[in-house]
Every structure is written in C-alpha cells, then in structure tokens.
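Visitor: Sending over a structure as structure tokens; questions will come in a sec.
Values quoted throughout were computed directly from the atomic coordinates according to the rules given, and no laboratory measurement underlies them. None of the values given here were measured: they were computed from a predicted structure. Glycine also receives a Cβ, built like all others from the backbone with ideal geometry; neighbour counts cover every protein chain displayed.
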Amino acid sequence: MLQIKNVVKTYVTGELTQNALKEVSINFRKNEFVSILGPSGSGKTTLLNIIGGLDRYSWGDLIINGVSTKKYKDSDWDFYRNNSIGFVFQSYNLIPHQSVLSNVELALTLSGISRRERKQRAKAVLNKVGLGDHIHKRPNQLSGGQMQRVAIARALINNPDILLADEPTGALDSETSLQIMDLLKEIAKDKLVIMVTHNSDLAEKYSTRIVKLLDGKIIDDSNPYEVEEEAVKQEKRKKVSMSFLTALSLSFNNLRTKKGRTILTSLAGSIGIIGIALILSLSTGMNEYISKVQKDTMSSYPITISSETIDMARIMGMNSETVGTIEDNTNQNEATAVYADYSDLEASEMILSSFVKNNLTEFKKYLDDPNSEIHQYIGENGIIYTYNVSFKVYSHDADKKLIDSDVLPEDMSSGGSQSSGGSGGLSVQFGTFSGNQPTKSMNFSELMPGSKGETVSKVITDSYELLYGSWPENYDEVILVLNENNGIPAEALYQLGLITRKQYDEAVEKIKNGEKADEISFDYEDVSNHKFYLLPACDHYIENEDGTFSYIEGSVLNEAKILENALELKITGVVRPVKDAANANIRTSVAYTSKLTDYIINRTNDSAIIKAQEASPDINILNNMKFESPDDEAKAADAKKYIAEMGISEKAALYKMMMLYGTDNTRDNNPNNTGGQMGGAMATDETGMATMLDVWLENDPDKEVLLAFYDQYIAGSTYEDNMNLFGKVSYDAPASISIYTDSFEDKDAIATCIENYNETVSEDVRITYTDYVALLTSSLKTIVNGISYVLIAFVAISLIVSCIMIGIITHISVLERTKEIGILRALGASKRNISQVFNAETFIIGCCSGLLGIGVSLLTLIPINAIIQALTGITDLSAKLPINASFVLIIISIIITVIGGFLPAKKAARKDPVIALRTE
C-alpha cells in the first residue's frame, strides 16, 4: 500500500520559487490501474517521479507499506527503486549498446543476482511480453512497440510492487498503443500500475481509477481509497550493490560502439608507457649485460687471499706520504749543495715491510662455518681452496727419450745437468736444499672445480669448446688445452714430449734465418694417446743406509725408477677457448682436476720421507743434524761431524774452496799446523784432497771456520722448511683462497664481512688482501640507472598529458551517456554505482593503453636490438623488457587513466536522474 500525505514539491531557481505540487494527498491500493490526467505543467510527471523515488518531496510524507520515507537516505531510495518500482517511459530509455537481454537483466545485476539466474528470469519475462525470439538484438533493431515491451519487461524483471508508466503510448501508433495498454491492464491485476497520460480515451477504457491534476493539486479522483490512520514505522533498508564486473560490462559494451575513438585514445595514452618501457628495456638490457660482465669478471677475478701477500693499501698510503716529504725537502733545500736522496732506500724498505702473512688456517675455519655471514654473498662458483702441491711430470718424445716437462730447451744445451742438493748430491754449494726442487709443473695447472661437487666448473666448460674426447673426471686424467689458433707453443710441445729436440732446434734455426718453420700438427686421437708420468716431490728423495734422505735430480734418476713410481696420466680430451670467452683463464697447456691434487697430497702424506721427518721433528733427516743447535760449541761440533761424514768428492770440493778462499786464514789461526796438513803442497786428486781435509779436522780446526761453515751450509733449515721441501700439504692450511661472487655488490659485501672478521680476531690472525677489481672498475649500474631515472622523469611528463586527456575524454563520455545515467538511477543504481561505471571505462582504457604500449614496445625492440648489436658488435647486449616491469607499467597506465577520469566520474554520479532522463 502506498500513501502520499500532504506532499509539497517546490523548485527554486534563483529568486523564483515554483510549487509543482501543493499539499497532495492520495492513497493507492496494492493492485489497481491508476491513470493520472491533467494538462502540461499540472504536476503529473513530478508526482510520478516522487512516487518512484527519482525526485524528493519538499514537505509531507511518502509512506510505503506503513513505513515513512522522511528519513530515507540515498541508499534507501536506491533500494526502493530497484526492488519496489518499475519504470516504463515514453521514449523507452533503453541503453543502445546493450542487447535486449542485457537491458532487461540490468535491474537484476544491481540486486546482486547470479548471472545464471539473471538470464533465466530475463528470458522468462521477455517470453511473457512476446519477445523471446529477440533477446540478442540491439534496441535499434526493434520497432517502437517492441522497444516498449522491452521496457515493460525490464520494469517487471525484479517483480516490483509498483509499475510507473510515463506516457507509455505517446510514441506509438494506435494499434501498438492498444497492445501495450492490454499488457499494462493484465499486469495491474497483480500490481499497482500508475500511468501518466494525456490520452483520456485510453484512460477511460483501461484504467480502474482516474486521478486528475491541475496546478499541482488533485481536482478529481474517480475511485478514492481511504485508509485508517496508523502509526508510521521507521525501517532500516538494504543497499543496492553493483559489482565492478557489471560496471566493466556496461563500459566495455559502450566502448565497443566507439572502437575507433577507443583505439586512438588508448594509443595516445600509451605514448608515455612506450617511452618508459623502451627506457626500462634499454636499462635492463644494459644492466643484464653489466651483470653478465660482472659475473664473468668475478669468475676470472675472484677475491683471492694468499698465505703471503703485499699490503697494496699500505704502499699506496706510504707513497702519498713519501711524495709529500720529498716535496717538502725540495722546497726547503736550496740549489747550492748536493744532498743525499734516500727515496730509493725508503721505497725498498716500504715494499719489504709491506709483505704480510695471512693465517689462512683460522680464516678457513671461519669460511667453513655455515653460520658465517659471508655465505649469503658467495656466488655460484663458491669458495675454492688452492694447495701448493709439488711434483714433476715426464714424458717420452718420438725418439723414446724421457723429457722433464720443466726443463727448458736452452737448459739442455749443456747436457741437461742441474745442481742437486742434499748430502749425497753436493756440486756447487754444500746446502741441504736444492734450487731446483719439484714444484707445480709450469705446463700443468688445476681446473676450477664446480661448487656443487662437479669435477670441472661450469665456468670452465662454458668458456672452452670441447674439440675431442671428454672433460677429465678422475685423478689420473688430464685435458689438453689449445689456444685460439688451435695451437700449443713450440717450447711447451717440446717440454711435453710432443716434438723432439731436433724438431725444436730446426724450427728455431729457420726462424733465426728469417725462414718459415715447418708446420707440425697432430690428430686429436694421436695426441690423446700421449702419456705423462707424474712424480710427487716426496718421491725425488731416496733413503740412505744411515737413515738420512738425499734429493736426486730427475736427470740423475734412473728412467725405469721414474716409470715404476710415477702416476700415469691420460689425456681424455682436447679443448679450445670459445670466441670472446671472458673466463678462458687456463694458462697452461695441460690441466688436471682437484682429484689429482687430493691424490698428490695423500700420497705425499703417506710417503716414507714425510713419516720419517714427522717421527724426528727435531732432526733434519737430510743430514741427521739438529735443526737448531743450542750454542756455538754444539754448532761447531755439528759442522765437524757433517764434514767428516761427507763423501770423497764432497770433501775434495770443500777442500778446493777452503784453499782458494781461506788458506791463509786457516793456516795462521792453526798453531798446530805443520805445513803438511793444510799448508803443504796442494793435493791434485780427490782422494788426496779428502785426506788433507780429514787431517785438518783431526788437528783441532779453527772454531770460527766451523761456525762459518755451519752458518752457510747447515743453519737456516727448519722442520717446516723440510716439510714444504718434501711436498707436505695440510688441508687446513691452503696456499690461497678464492672467493667467487656474482656481482660487484656482493664483492663489496664480502669485503665488509672480512673487515668484520678482522675486528673479531687478534691482530696476528687478521686477513690482508688487495681488491684489484675495485681498483680497476666502478659501479656502472649506478650510472646506467641514474641516466634511466632522468630519462624516465622526462618521459613521465607525457603521462601527465595522458592523464589530462583521459579526463577530457571521460567528461565527453559522461555527456554522451547522460541518459544512461538517468536510466541506471531509475533502475536503482546508486551514485557510487554511476562512478563505478565511468571508473570502469577509464580502467578499460588504461588496460588497453598499457597493453598497447607494452605490445608496441616489444615490437619496437626487435629493430632496436638489431641496431644496437650492429653498432656495438656485442651480441650479448640486447634491450629487454622485464615481465614484472610490464605488469607495473600496465598498472601505472590504469592508475593514470583512473585518476584522469576520477573527477568526471564524480560529476556523473552527482547528476539529477530526472534531468538526465530528459536528455536526448
């Protein structure tokens, strides 16, 4: 039941006040067909709009089922229109870009009905009005009568209590008008139908009640309805809600009718996005290239900490101080005299004092601790520990001659003899050390292992092309490394036994004569059959009958003995550096795996000489002397004992040296000398000279001579020196540690971690190293990013222009869709829903702009990359747009367009629905 009590509607325009309704009171039954008649301006449509909740009364009250509407909010009126009122207009007021089905569904979407139920109910009501076969047509494809039936179906879809019809037949022909009136009369059997019309004939024929208005007052009511006064209730009402998907659907269908404008708008809005996308692509491509270069650089130049190093920072600091001092002296001294310049001495002392030893044993404990902060910055290649293993490698040349890989061809011109050390190999000097003791062979180096247990790191396998065979996997396997020209230096070929001495000499002679040397080549298969024989340093010592050990040069060793004790190495493959490889850093012609290093360490640690020295840590097993005698008396006694135990040849050599450099001193300081001992005629054979030396020893030799001999030939050796000499290596004490990172930032972080480590340990355990990469490079990424930010700031101006343009276009859209705004409000849409519709439109345009911008950018990058690579010649350098950046740019595009359309959308929401419905 609907009641209107003393309703007054006043319009104020400036100083003019007009009363459209003057204290109108009328009651309506739940189901009747009421026609409201009256001349134009009598207030018919105003009364209808107030009943429908489109317009608000100034005074009075509208009571709906006993509930007053005096305190209704906008949301209450929206719910009322959506659920209780159905509108039928003279001009149909259908949304042109929506199908018949969608127009009818519209009221249900505002009620939150599911899509499936909406379609079912809409089809049912369209069948009821006779339009079941036209559901997919657009309004402009229907006749006037059909469009009005659609309007009626739309008004009935929510099963409203009241159907309001404003001149429903005003735009129809007579026959169609009768059909519409029949339909309204049928509806009035169950509902209240209120129709405003000028056609009194139709009103008389179809209406059950006629109400006449004149000058805003009811002057006649053919069938008034009186009700008893009841207490008016206040009731909280629900809200109407339009989903964002519905708003998107309405806006998308509207944009589809304006494809050309939508595309142009999206293209204009995408210009800024394209500019930023291209800048980001170039920046990203450059940064990725820099990152790759950084990673390759860090693979080639890790942070390397050696057991002994030079403090370059100290040298650089002292240099600056020295320069300042010299300048000061120069200023003070006048050019009137000659002054002493101590700069060379100072520089030498500075360098000597800058040598530092690192305690890598303690630092390794820090690195091995998984909780150390440094591990979060370690790169893909991890931490590599290097150990100085000592060995020699031999091989047979084509003449079956055994070649030492460390002997240079020019050294062999004198027959290949080398000085030997130890008590059994005395030649030029009487030391216990050999100047040519085995070290890591110059033609052999260790391959970088992988960080995850791989025998060979991916850094190496990626930097070298495998020409033949396979990479080594076992400790007795090596790889042959060629240079970029598929060659190996001729000198190395000789040392490795691949060419003979004769071939080498002939090549040298031809080159000296300006001729071209003969070409020498080997098949991969043939060269892979070549064998090497590795002998660790410990196996170059033989045990004497007295328990001491003597060093024997490889040239003196029996060939059969070498082959018997040596480890046979097999060549598994041949590799060559990849073109422009950044990490082709194998500097030798042969490379082995870390497994061979482990083998040599373990074999050395289990050797007889190592065990013998470990069993007698105070005695030098090379000469059976103590490493350090306590006083001069003991030193002289040790020297005397040492000389006495020499062989005949060694005694003869010592006798010669003493006669040449110390005869007078020896004779004069020995009062017991009778002239037949050291002062007599010099013996000419080794036996005689050895005898003369023995006589000298027996006649209480000068203590100073013995001490001099001790200091020169016996003293200085330590237990640690011998262990190093024999090749002893501890896994806890690496020779160097290489820490690999993937970027300069991580490298700097690791440097900070080392500084933090140094702060927690004592001074003698602190680590000193020189970051050479930091001296040679700078953070290029910062420069690239800085340039990118500046360019993006300039390009962002176009986004502001796009925002303003979107605002203008949205405003135009609001003007074009003003009637649609009125229709939506009549169906119960709230102001917020209207804003949603236009925000949805700008959202769609923003999506289109973003997607179009990204698409155009990706297509543009194809020729851009071709140009970049052609100009720079860098195939790895290419601009690329990150996926996450693409999404961010699309989001930015959406935000910009939504911001641009925000004010027009708000303005659309504030439009008066009554005025909007009158807009053409």
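Visitor: Give me the aspartates and glutamates in straight-line cross-link reach of residue 30: C-alpha distance below 15 Å, same-chain residues under 8 apart excluded.
Guide: Filter leaves 161, 186, 190, 226.
Visitor: How many angstrom lie between the Cα centre of segment 31-47 and the Cα centre of segment 536-608?
Guide: Taking the Cα centre of each part, segment 31-47 and segment 536-608 sit 114 Å apart.
Visitor: If you don't mind, another one. Quick check: from the Cα gyration tensor, does segment 32-185 come out rounded (a/c under 1.5), prolate or oblate?
Guide: Taking the square roots of the gyration eigenvalues as a ≥ b ≥ c, segment 32-185 is oblate.
Visitor: Let me ask you something else. In nanometres, what is the gap between the two model label sites at residue 1 and residue 899, each 7 Å from Cα along Cα-to-Cβ?
Guide: Going from the residue 1 label point to the residue 899 one covers 5.7 nm.
Visitor: Quick query: amide H of residue 21 versus all other amide H atoms, modeled in the peptide plane; which residues come in under 5 Å with a sequence gap of 5 or more or a different chain?
Guide: Result for residue 21 returns 9.
Visitor: Taking the Cβ of residue 709 as the center, what net charge do the other residues with Cβ under 12 Å away carry, scoring Lys and Arg +1 and Asp and Glu -1?
Guide: 0
Visitor: What pairs in 357/703; 119/212; 185/831; 516/561; 128/911; 401/595 have C-alpha atoms more than 31 Å from each other?
Guide: From 357/703; 119/212; 185/831; 516/561; 128/911; 401/595, over 31 Å: 357/703; 119/212; 185/831; 516/561; 128/911.
Visitor: By the scheme Lys and Arg +1, Asp and Glu -1, what is the net charge of all other residues having a beta-carbon under 12 Å from that of residue 517?
Guide: Net local charge, residue 517 excluded: -3.
Visitor: Okay, next question. Taking amide H atoms as placed 1.01 Å from N in the peptide plane, list the residues 5 or more away in sequence, or in a different chain, whose amide H sits under 5 Å from that of residue 36.
Guide: Those lying under 5 Å, H to H, from residue 36 are 195, 196, 197, 211.
Visitor: Which of 22/44; 400/512; 365/458 have a Cα-Cα distance over 18 Å?
Guide: Going by Cα-Cα distance, 400/512; 365/458 fall outside the 18 Å limit.
Visitor: Semi-axes of segment 505-645's equivalent ellipsoid from the Cα gyration tensor, sqrt of 5 times each eigenvalue, largest first, rounded to whole Å?
Guide: So the three semi-axes of segment 505-645 are 44, 21, 17 Å.
Visitor: In terms of Cα to Cα distance under 19 Å, which lysines are near enough to residue 364, apart from those fewer than 8 places away along the same chain?
Guide: Counting by Cα, and skipping residues close in sequence, residue 364 has these lysines nearby: 452, 728, 747.
Visitor: By the gyration tensor of its Cα atoms, with a ≥ b ≥ c the square roots of the eigenvalues, what is the shape of segment 500-540: rounded for a/c under 1.5, prolate for a/b over b/c, or oblate?
Guide: In terms of gyration-tensor shape, oblate.
Visitor: Would you tally the net charge around residue 24, using a Cβ to Cβ cut-off of less than 10 Å, leaving residue 24 out, and scoring K and R as +1, D and E as -1?
Guide: After counting each charged neighbour, the total is +3.
Visitor: State the extension gain, in nm to one decimal, for the chain segment bounded by residue 862 and residue 458, taking 0.36 nm per residue of separation less the distance between their alpha-carbons.
Guide: 142.4 nm
Visitor: Now for a different question. Mind checking the full-extension length gain between residue 508 and residue 529? Use 0.36 nm per residue of separation minus the Cα-Cα distance, one decimal, nm.
Guide: Fully extending the segment from residue 508 to residue 529 adds 4.9 nm.
Visitor: From the backbone phi of segment 94-100, what are the Karplus-calculated ³J(HN,Hα) couplings (6.51 cos²θ - 1.76 cosθ + 1.60, θ = phi - 60°) in whole Hz, Gly and Pro given as x?
Guide: 8, 7, x, 8, 9, 6, 4
Visitor: Right, here's the next one. Under a crude label model (7 Å from the Cα following the beta-carbon direction), how far is residue 291 from residue 380 in nanometres?
Guide: Each label point lies 7 Å from its Cα, and together they span 1.1 nm.
Visitor: Related question: Dipole size in debye (nearest 20) for segment 2-240 around its Cα centre, Lys and Arg Cβ +1, Asp and Glu Cβ -1?
Guide: For this selection, approximately 1160 debye.
Visitor: Sticking with this one: Label segment 447-570 by shape, choosing from rounded, prolate and oblate, from the square roots a ≥ b ≥ c of the eigenvalues of the Cα gyration tensor; if a/c is under 1.5 it is rounded, and otherwise prolate applies when a/b is larger than b/c, oblate when it is not.
Guide: The shape class here is oblate.
Visitor: Quick one: what are the phi-derived ³J(HN,Hα) couplings along segment 493-500, Karplus 6.51/-1.76/1.60 with θ = phi - 60°, whole Hz, x for glycine and proline?
Guide: Values, residue by residue: 4, 5, 5, 8, x, 7, 10, 8 Hz.
Visitor: Can you tell me which of 842-854, 493-505 comes out highest on packing, and rank the rest after it, using the mean Cβ neighbours within 10 Å?
Guide: Descending mean neighbour count gives 842-854, 493-505.
Visitor: I need the calculated FRET efficiency for the pair residue 346 and residue 719, taking r as the beta carbon distance and R₀ as 30 Å, to the nearest 0.05.
Guide: Given R0 = 30 Å and the Cβ-Cβ separation, E is 0.25.
Visitor: Here is a follow-up. Tell me, how many Å apart are the Cα centres for segment 724-764 and for segment 476-535?
Guide: 38
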